[in-house]
Structure formats: structure tokens, C-alpha cells
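The values are calculated or read from the model by the stated rules, or taken from the named source; none is laboratory data. Here the structure is a predicted model, which means the values were calculated and not measured. Don't worry about glycine lacking a Cβ; one is built from the backbone with ideal geometry, like all the others, and counts go over all protein chains shown. Please note that ligands, DNA and RNA were not included when accessible areas were found on the heavy atoms of the full protein model with its side chains. Shrake-Rupley method; radii C 1.70, N 1.55, O 1.52, S 1.80 Å.
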Amino acid sequence: MIREFQDIVPQPTDVLPQVHLDYNKYENVLEHMDSGIMLFDNHGVLTFINVQMAKLLELPRGLLSGCTLLQMLHLPQMSRFKKKKILRIYRETIFHRKRYHELTDEYGRHWLVTVTYGDQMDGDFLFSVKDVSDYKQIEQTAYQNDKLAMLGRISASIAHEIRNPLTAIRGFIQLLRPHLLQLGKDEYARIILTEIDRANDIIYEFLNSSKPSAPQKTVMTVESLLKEVVLLTESEGLMKGCEILLEVDDTPLNVSIDVKQIKQVILNMVKNAMDAIEEVGEEYTGLIRITTATENNFVQITISDNGRGMDHNTLVRLFDPFFTTKESGTGLGLSVSYRIIKNHGGTISVDSQKGEGTSFMIKLPLVN
């Protein structure tokens, strides 16, 4: 009976065949991961580095393999920027026992660096680096939407309360103006009225930035829209030493838009470009290029200038409400533009380098 039972039950060797680990296969997987990987042994020598990590460091693997961290930092082929970042990660890991590091490279990409060490690594240090730029963009978009929502709540509670007394003040100043004219002080009334109107304009922008009116859409060609913008701005551009060059696609591209709102966005971009060029100097030849291109079911309108450009700190805050680099600016123009384009189902982005100009890219869905 027992013998028959033993014949029926499979033996362990039948159920679990012996597995031979193919280390070459696993090393090949590590080689081609989208994350950068490098391993230092307990003597501080680099014993493994994959293809992606070599690309990030912009150095051949043959040059890096077998190096200590100190030798890596002395390589003349490695940029000073990368050396500073590596040294910072080393200090934070060794002295503060920090295992996760976030950094931004010289190209504006965001990276998450994870350091694994301890008993499970037998004294080795494993560094993995992953590009998290897309996640940062999603996070930034959510943060931007939260700020705009907060701005909406604030504007709803205070904007009208400010406008009412301003209207009363304006009315009384107009009543007093004949008396001021008799006293030879009409200039005072003019200045007061101008400043009240400016305050009303700021409040209007404030209200629009929190909740632009729903788009009243009509179908029109991108070419005709951009030609109108150029006609409105080319005379001002000439006065500021700027040439505005329009280069549009030969194929008619139709979009369904609120013409007034989208025109406001593009005018804002062009005027910002003029200001950036004007700040470079009077003898500087300014050029603003407006171009179009199609991508999938979207048209991309690009407004590029050869002005002063922006640094990274300015770029990350550019669409924040009330953030401005201009002395007389309100910091609401770009946040309004961001919301208008979003309400049209499009996107707006910017690319800029200090001293090398700026490009704003607006994407809008095409219609047949």
C-alpha cells in the first residue's frame, strides 16, 4: 500500500527541476534598463556600470570601469557640473545617511538617485538613477491648477470689494476736477484718474486669471489669426528695434477657438518677446519669429525671440500668479494665458537659456 502511494506521488526532483542561473542573461537585463546603474565595491572601486549610466555621465564605460570615486572626479572629460553633483550625493550619503536624492541636470531634466548599501550589499554601494521629468511635469501641472483654484477663491471674495470704493473715488475726483482746474492743479486729477484706471485694470486681470470666461468658439485658420497679431504688433516692434517674421504652413490649418482669448495669449507672448529684446540694448537687432507646425492632431504655434533669455529659477515659476521680473508687471499675464490654452484643450510650454533667447510653444487641437 505504501509502495503504491510512493509510486503515485511525484518526487521533488520531478516537481522542481534544478535551475541553472544564467548570470549573463541578468547582466544583459541590467545593461539595457532605462535607469542608470553603477556598483562600487567595498574598496570604493567601480565594478559595474550600465549603458544608461554611461550616457548620463557622457563618458565611455571603458574609461570609468575600475575607477575609484576620487579618480572619477579627477577625469578631465567629466564636466564640472556633474562633478559637483556627484560630490554632493557622496557627502549627503556618507555624512547624512541619505538614500534618496533629487537633482536637476544642466539640460533641465529631473533625476531621482537611489543609493542602496548596508548588510544586504556586503559592503558594496549600488547607485540607480531614474529620469522623473514626466512625473515632475505632472506634479507641476497639478500644483499650478491648485494655485489657480486658490486664486479664484481669493478673487471672488475681494475683487468686488475693492472695485466699489474705487468707483466712488473716481466719481468724486471727476466732480472736483473743475475746481482743481481753476486752481491750476488739473494734472493732479489726471494722475489720480489714471492710477484708478490702472488699479481697475489690475483687478480685471486678477478676475480673469482666476476664472477666464468660457470660450466662445468659432472656426478660423491659424494663418489669419497670426496675420492679425502681426498687423497689431509690427509698428510697436519697429519702434523697439524688433523685426517680426511670420512663417506659416502652406496648408490651411483650422482651429476652433475664442478668437479674442487666443489673440490675447499670442499678443502677450509677442509683447514679452519685445520686452526681452529691448532689455538687451538699443543697438541690438531684435528678431521675433512666429512659426507653425503640425503634430498628430494639433497645431503648434512657436513664438521665438533672440532676447536676454531666462535662467532655470525664472522658468520654473514663470506661470505662477503674481510672479514677474518686470518692475511694472502684475505677474498675471502668463497665468491667464496658461488657463485660456488649457480651457481650449491645448498646452503651453517654454524653452529658454540665459543669453540665448526664449521660445513659447502653444499647441491647439485642429478641426477638419
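Were the residues from Glu58 through Ile173 laid out at 0.36 nm apart, the gain over their Cα-Cα distance would be 34.7 nm. Take the alpha carbon gyration tensor of the range 27-145, find the square roots of its eigenvalues, order them as a ≥ b ≥ c, and report rounded if a/c is under 1.5; if not, report prolate when a/b exceeds b/c, else oblate. Since a/c reaches 1.5 and a/b is larger than b/c, the shape of the range 27-145 is classed as prolate. In this simple spin-label approximation, Ala142 and Arg317 carry label points 7 Å from Cα along the Cα→Cβ vector, and these lie 2.3 nm apart.
As a calculated quantity, the FRET efficiency between Leu183 and Glu161 at R0 = 30 Å, using C-beta atoms, amounts to about 0.35. Taking θ as phi - 60° and the Karplus parameters 6.51, -1.76 and 1.60, the scalar couplings of the range 76-86 work out to x, 6, 7, 5, 4, 4, 5, 4, 5, 5, 5 Hz in sequence order, x denoting glycine and proline. Note on the range 88-149: with neighbouring protein chains present and a 1.4 Å probe, carbon and sulfur make up 53 percent of its accessible heavy-atom surface. For Leu69, neighbours were defined as the other residues whose beta-carbon sits under 15 Å from its Cβ, and their charges (Lys and Arg +1, Asp and Glu -1) total +3. Using the structure shown, select from Lys98/Lys363; Lys82/Lys363; Lys85/Lys263; Lys55/Lys98; Lys130/Lys342 the pairs with a Cα to Cα distance greater than 32 angstrom. Over 32 Å Cα-Cα: Lys98/Lys363; Lys82/Lys363; Lys85/Lys263.
Counting only protein chain heavy atoms and rolling a 1.4 Å probe, the accessible areas of Ser256, Ser35 rank, largest first, as Ser256, Ser35. Modelled this way, with points 7 Å down the Cα-to-C-beta line, the labels at Asp122 and Leu193 are 8.7 nm from one another. Rolling a 1.4 angstrom probe over the range 250-321 with all protein chains present gives an accessible area of which 45% lies on carbon and sulfur atoms.
Taking the average, over residues, of other Cβ atoms within 10 Å as the packing measure, peptides 61-72, 179-190, 262-273 rank 262-273, 61-72, 179-190 from highest down.
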